[in-house]
1. Give me the compactness ratio for the stretch 114-244, meaning the Cα radius of gyration over 2.2 N^0.38 Å.
2. With no solvent and one equal point scatterer placed on each C-alpha of the stretch 4-113, evaluate the Debye formula and give log10 I(q)/I(0) for q = 0.18 Å⁻¹, two decimals.
3. Using a cut-off of 15 Å between beta-carbons, work out the net charge of the residues near Val141 (Lys and Arg +1, Asp and Glu -1, Val141 not included).
4. Order the peptides 120-132, 198-210 from the highest to the lowest mean number of other Cβ atoms within 10 Å of their residues.
5. Within the stretch 1-21, find all residues whose amide N lies under 14 Å from a label point positioned 7 Å from the Cα of Asn59 along Cα-to-beta-carbon.
6. What nm value, rounded to one decimal, do you get for the distance between Thr177 and Thr147 when each label is placed 7 Å out toward the C-beta?
7. Hey, could you get me the Stokes-Einstein D for the stretch 177-220, Kirkwood radius over alpha-carbon pairs, 37 °C and 0.692 mPa s, rounded to whole µm² s⁻¹?
8. Regarding the chain, what's the average projected area of the Cα-atom convex hull, expressed in nm²?
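Derivation of every value follows stated rules applied to the coordinates shown; laboratory data play no part. Please read these numbers as outputs of a predicted model, since none were measured by experiment. Positions of Cβ are backbone-derived with ideal geometry, glycine not excepted, and every protein chain shown enters the neighbour counts.
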Amino acid sequence: MIDSKKYMTTICILLGILIVSVVTINIFISSLTGIFTIFIDMIAAIISLSIIFSILITNKVIKDKKVNVLGMKINFKIVSLLFPMITFVADSVGISKNEIRKVYVKLNNKYIYSNKYNIKNEEILILIPHCVQKNSCKLKVTTNIETCAKCGLCNIGDLVKLKEKTNVNIFVATGGTLARKIIIDNKPKAIIAVACERDLTAGVQDVRKIPVLGVFNKRPNGPCVDTSIDVKEIEEAIKFFTSN
Ligand code: SF4
């Protein structure tokens, strides 16, 4: 569930900081170098207008209102550029970075869903975190997911059935380095990544040339232990990549 107020508060604070900084620069430095302040004012005006544009589009995306593809693309680029600053401001005012990451992944997913793809099942790569496997299970599904005995105690069994049914590639990634290696080795045309807010955001930012749909895992037992997946969400993502 996305708390849009926290994201909007953060980005408005960022806009406020920018405006105050520019006013301060104008008061204290304009008498020294006119061209310098004009340059600063122009940059600040461009950034401010970009932030205002982004606030309007992001608000629509969060509320699932219709936004055209170009608007979504430009907005996602703006948010990606400002992302380190947005998370820094959020952290400074006590807003969890995960609230910002949730919005970021939603913006990414909405943008991907606004495009059309015609990708074969076997060209789709599904990456899942190791914590989906039942903590007490001793089978080594990290090297080969089909090692799973499908006992029903965790979602790995459901994913093996999904792999058998659809022929998509499914791998368990124990970290970012392994995830990167799996992507390089398999050369997918689309990725469906399952992870927590932090890892999904890092993954989306890492993979630039391949569409990545992010799916959050559920963590009823806290982070990184016996997490679960909504397999239907993954099936819908596969359908989306293959059916256009
Ligand atoms: S479903 Fe597979 S991975 Fe999960 S606990 Fe059972 S055997 Fe282990």
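1. Numbers: Rg = 13.8 Å, N = 131, 2.2 N^0.38 = 14.0 Å.
For the stretch 114-244, the normalised Cα radius of gyration is 0.98.
2. -0.87
3. Numbers: positive: Lys134, Lys138, Lys140, Lys150, Lys161, Lys163; negative: Glu146, Asp158, Glu164, Asp226.
Computed value for this residue: +2.
4. Numbers: 120-132: 20.0, 198-210: 16.3.
Order by mean packing, descending: 120-132, 198-210.
5. Output list for this probe position: 4-13.
6. 1.9
7. Working: Rh = 10.9 Å.
Calculated translational D: 302 µm²/s.
8. On the way: hull surface 60.4 nm².
Projected area, direction-averaged: 15.1 nm².
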